[in-house]
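Everything below concerns the one structure shown next.
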């Protein structure tokens, strides 16, 4: 039984003539065809295919005939599959070869058209973005809308407020609606202009009985004014008909023709085209200049009131600059007037443009000819976009009616000329704007370095999982209802950035998530995965992490600093496929897993540090700690060279930066928790302020927290151990909590000392190095300094308490212990270079400077440890020795010897015993050492 074909409007035949748009047009045509099939209720696959080939036209049918049997779907089992195959084959045929770079170029060139809404502009951008392979499409759309939109207000709000694309579009709609509503309201208002006579009477007084004229009514050689101050008129004459109208819409002259000038919209009795008293017929065009009114007449920039400004017009000479601007597809000539603050368009030119979409508004702004008291005939005003070469601006124009004796011409204001980059002001001053720095140039040249989230090329992180650990699928933790929308939005964002992916199928590892607000943005959340159980199975990979001493040794003599922050650092390292399952986590919308290195993995910090350090290893003047990269140089040129090399390396490896956290060309910069500058290193003022603002502790836990926070500044305070001793006593076991005067004094004194913390100098291997040492019955201390001519620079303070055994040593042995401990403590600074040890204990001078001197076996053993160092010991009185105070106020940790110190000492003694002591003396040496211990 035959089925009648429903009747419908003619469907457009598809044309493949325009090659560069054929792909997009085919997709659009096919979607419309699918809608047509739905409207006609056609579900049979064979009929769909027949209608497709029929309505697509002869060109598409010929293309279909050239397909193979497989492409035509003849091998498919049913008609529906055959129809789907035909669609796929045709779509593949019409799909152009994509050049991503060219597609991105086209996307960057997009501008909002005059009269186009932001939503339509966004739709055009979204179609182009589909072929650009952007990592974060919404972010790119937002950026291009802000760059290419015609609304200055929208651009300013987008730059001022941090908002997502959806909120930006909502703001744009709100602004567009308010503009339309304001235009309608203004169109219904009266456009009468009220003026005030500004000619002063003799003696500076103005006559209150001065005659008043009708608005816009013209008398030869006289000025027509109405009072603006000191009284109001209850009924103002209409500027269009001369009567009394409530609004422009009710004016009887609205659609009438003037008998004087034959123009529409007004009566002859108020016509502005009547002959003037004295008109210069040679004035083909006139320039607009500002004539300031009284301060009370000025209003805001956002809207022009009736009494805002007055302007004058003067003749244009042959030297007046002229330029052609593009306006609605027409090339319109303009004269540039550097003294004007409004743009003028001649009435005749305005009619030739003939733009139907133009939104015309009445205006009461008054524009005067230069030296004339009569205003020009301003018809209306409108806002539009004009362009010069590649520069486009949206601005307001006033349409001025020419007179029989002179044409006003088209004049461009100074402000618009500047925006179009036609006009540049220079000032004859002794100072000039700072030149663009290399950092500014690099940032401007490489915008892609600050867009989206990068992914380190040629690197995939692998987790080594201990197979003996049983995988665990932990119970799901419920997310509070009021946070679920935020969690869903964050998951969507991470999926769009290719950081996480959905998990389908079974997975042995499942971890719960913890939702926490971001510290600096409480309205936003951070999703954290509880990786405690998976960490038990992930074998830790060890990598060397830099210390403060490593950083200080590199920054010597540096004067210029910059800091780069990698955007979401860990997430720029990709996980290999096998390592992703162990990161699986549960949410209320299903399972997800990480595709990038995630926070919470035990060795994540070391893995990330190692990869970034390897990236920068051959670039001098750069170092990193985690996702912060420090650039430094002894000169601006050296710094700039390092910065450029780092930028090039990051681009090469496809890494991106967080522009908001980057700092350039600083003489002092915060890094690794310290402030590094030209003169040295000091504590971070923010951390010092946090310590000073802490409240008095009320329990042992708070005391430990306070001491932990202050410990990082201990290297800057000589008597830190003495100040904190009463507080440390409270943290000992079996000590009853008592906050007394001693503890309060220590707490307050530490805060006071922090206000006077000095800057420590950088260690310079080329300068003479000195170590000041001293010992007391309960502690030893040392100060590392360097001397340059007659100046001495402090590098670091150090002290420690003596053990019970050490406190029973003789004074000479304690002083000798201070020497060996100080040398091993500062091993990184002292080894391999001659230095001087200063002590206030005179006997040490003979012990260390006379190899033949006889000492105790304990000191002899320490001397073996010191043979690795090249030093000279000199005597200095205690009053001149800063280490004297440190030894009497030591750090409470009695066993403060670092692993490195112990290792160096043990290895060196072992070396000496093996290579310098005779074989027969080994046993006696061991016995002697054991007895001394």
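The values are calculated or read from the model by the stated rules, or taken from the named source; none is laboratory data. The structure presented is a predicted model; accordingly, all values stated were derived computationally and were not measured. Cβ coordinates were reconstructed from backbone atoms using ideal geometry, including for glycine residues, and neighbour counts include every protein chain displayed.
Within the range 445-458, count every residue that is surrounded by 12 or more Cβ atoms within 10 Å (Cβ to Cβ) and assigned to a loop (DSSP other than H, G, I, E, B).
Residues in the range 445-458 being surrounded by 12 or more Cβ atoms within 10 Å (Cβ to Cβ) and assigned to a loop (DSSP other than H, G, I, E, B): 7 in total.
I'd like the residue in the range 783-809 that is surrounded by fewer than 12 Cβ atoms within 10 Å (Cβ to Cβ) and more than 24 Å from residue 728 (Cβ to Cβ) and, out of all such residues, is nearest to the chain's Cα centre (by Cα).
The qualifying residue nearest to the chain's Cα centre (by Cα) is 791.
Kindly indicate whether any position in the range 859-872 is within 16 Å of residue 772 (Cα to Cα), surrounded by fewer than 17 Cβ atoms within 10 Å (Cβ to Cβ) and touching a strand residue (DSSP E or B) at 6+ places or on another chain (Cβ under 7 Å).
yes
Rundown of residues vs (1) buried (at least 17 other Cβ atoms within 10 Å of the Cβ); (2) at pLDDT below 85; (3) not assigned by TED's automatic domain parsing to the domain that holds residue 88, yes/no style:
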site: 9; (1), (2), (3): no, yes, yes
site: 13; (1), (2), (3): no, yes, yes
site: 25; (1), (2), (3): no, yes, no
site: 42; (1), (2), (3): no, no, no
site: 47; (1), (2), (3): no, no, no
site: 64; (1), (2), (3): yes, yes, no
site: 67; (1), (2), (3): no, yes, no
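Restricting attention to the range 331-344, which residues are within 17 Å of residue 383 (Cα to Cα) and at pLDDT below 80?
341
Suppose the filter is in the same structural domain as residue 476 (by TED's automatic domain parsing), in contact (Cβ under 8 Å) with a residue 12 or more places away in the chain and part of a strand (DSSP E or B); does residue 593 pass it?
Answer is yes for this residue.
Quick check on this structure: which one of 772, 750 is crowded, with 19+ Cβ neighbours inside 10 Å, at pLDDT 90 or above and either part of a loop (DSSP other than H, G, I, E, B) or touching a helix residue (DSSP H, G or I) at 6+ places or on another chain (Cβ under 9 Å) (or both)?
Every option except 772 fails the conditions.
Can you find, within the range 546-559, the residue that is farthest from residue 610 (Cα to Cα) among those that are in contact with a strand residue (DSSP E or B) (Cβ under 8 Å, 6 or more places away or on another chain) and not in a helix (DSSP H, G or I)?
559
Restricting the range 402-439 to residues that are touching a helix residue (DSSP H, G or I) at 6+ places or on another chain (Cβ under 7 Å) and under 19 Å from residue 391 (Cβ atoms), which is modelled with the highest pLDDT?
Among those that are touching a helix residue (DSSP H, G or I) at 6+ places or on another chain (Cβ under 7 Å) and under 19 Å from residue 391 (Cβ atoms), it is 410.
Please go through the range 810-836 and pick out each residue that is under 30 Å from residue 680 (Cβ atoms) and surrounded by fewer than 17 Cβ atoms within 10 Å (Cβ to Cβ).
828, 831, 832, 833, 834, 836
Can you give me the number of residues within the range 560-590 that are closer than 16 Å to residue 462 by Cβ and assigned to a helix (DSSP H, G or I)?
So the count comes out to 7.
Identify, please: which residue in the range 131-142 is within 25 Å of the chain's Cα centre (by Cα) and free of Cβ contacts under 8 Å to residues at least 40 places away in the same chain and is, among those, farthest from residue 26 (Cα to Cα)?
So the residue we want is 142.
Kindly evaluate residue 442 against the criterion of being surrounded by 11 or more Cβ atoms within 10 Å (Cβ to Cβ), within 30 Å of residue 142 (Cα to Cα), at pLDDT 85 or above and not assigned by TED's automatic domain parsing to the domain that holds residue 334.
So residue 442 passes the test.
Answer yes or no as to whether residue 532 is surrounded by 15 or more Cβ atoms within 10 Å (Cβ to Cβ), more than 29 Å from residue 457 (Cα to Cα) and in the same structural domain as residue 660 (by TED's automatic domain parsing).
No; evaluated as a whole, the condition is false for this residue.
Name the strands (runs of 3 or more DSSP E) wholly inside the range 653-722 in which the number of residues that are at pLDDT below 90 is 1 or more.
Answer list for the range 653-722: 668-671, 674-677, 681-683.
Which of the residues that make up the range 512-529 are assigned to a strand (DSSP E or B) and over 15 Å from residue 478 (Cβ atoms)?
516, 517, 525, 526, 528, 529
For the range 459-502, give me the residue count where each residue is assigned to a loop (DSSP other than H, G, I, E, B) and loosely packed, with under 12 Cβ neighbours inside 10 Å.
Selection size over the range 459-502: 7.
Residue 727 passes all but one of (1) farther than 18 Å from residue 705 by Cα; (2) buried (at least 18 other Cβ atoms within 10 Å of the Cβ); which number fails?
Going through the list (1) farther than 18 Å from residue 705 by Cα; (2) buried (at least 18 other Cβ atoms within 10 Å of the Cβ), residue 727 breaks only (1).
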